[in-house]
Amino acid sequence: MFTNKMTQGSALTEVVLVAAILSVVSLVFLGTFSTLSRFHERDLFTIKGELLAEEGMEAIRFIKDGDWNILSGLIAGNQNYLALSPSSWSVTTIPEIIDGVFHRSFRVYSVSRDVSDDIVTSNGTVDSNTLRISVSVDWNWRGATSTANYQSIMTNI
């Protein structure tokens, strides 16, 4: 009879011990899941920011193909924005905010060439038929600002 009481007490101890181990494992799992969820959310923002920057570059190509003078008439280095109407893209001075999170802008810069017609950063002649375009998408995620930036050289051909 004495062994019976010992067995009953050890069974209760085993149940409490198993419950404690399961609780610890569950907390570790939930912590890991929470961390992975934050990484996934960050990656989704990054992917969307990259896609919006790429879309901005494509929109500028669309504008360039329609009328080169729209781009060449912009002041070099000034921040510009894109606007989408039902049928086309246009340039605007109104900041573009997408989904209340992403801020997209672009800048145009003149391009200089040397006597060999190579692009140079200094001591060249400005090529009025070539522009360097920089599209930037910024967003804030958990207190930190992230940026996707695309650059391209476009010519009037």
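The values are calculated or read from the model by the stated rules, or taken from the named source; none is laboratory data. Quick caveat: nothing in here was measured; it's all calculated off a predicted structure. In this analysis, Cβ positions are derived from the backbone assuming ideal geometry, glycine residues included, and neighbour counts consider all displayed protein chains. Calculation scope for accessible area: heavy atoms of the full protein, side chains included, ligands and nucleic acids excluded. Shrake-Rupley method; radii C 1.70, N 1.55, O 1.52, S 1.80 Å.
Here are the numbers:
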| item | result |
| --- | --- |
| About the Cα centre, charge dipole magnitude for the chain (Lys/Arg +1, Asp/Glu -1 at Cβ), debye | 640 debye |
| For the stretch 55-98, average projected area of the Cα convex hull in nm² | 3.3 nm² |
| Mean Cα-pair separation over length for the stretch 1-138, i.e. relative contact order, pairs under 8 Å, 6 or more apart, % | 18 percent |
| Accessible surface, the chain, averaged per residue in Å² (probe 1.4 Å) | 68 Å² |
| Largest to smallest principal axis extent of the C-alpha atoms in the stretch 71-133, angstrom | 46, 24, 16 |
| Largest-first principal axis extents of the Cα set of the chain (Å) | 105, 40, 24 |
| Helix axis angle, 2-66 relative to the chain longest principal axis, alpha carbon, degrees | 10 degrees |
| Portion, in percent, of the accessible area of the stretch 78-157 that falls on carbon or sulfur, probe 1.4 Å | 47 percent |
| Net +/- balance of residues flanking PHE62 in space, Cβ distance below 14 Å, scoring K and R +1, D and E -1 | -3 |
| Loop sites in the stretch 59-157: trypsin sites (Lys or Arg not before Pro), DSSP, at most 14 other Cβ within 10 Å | ARG142 |
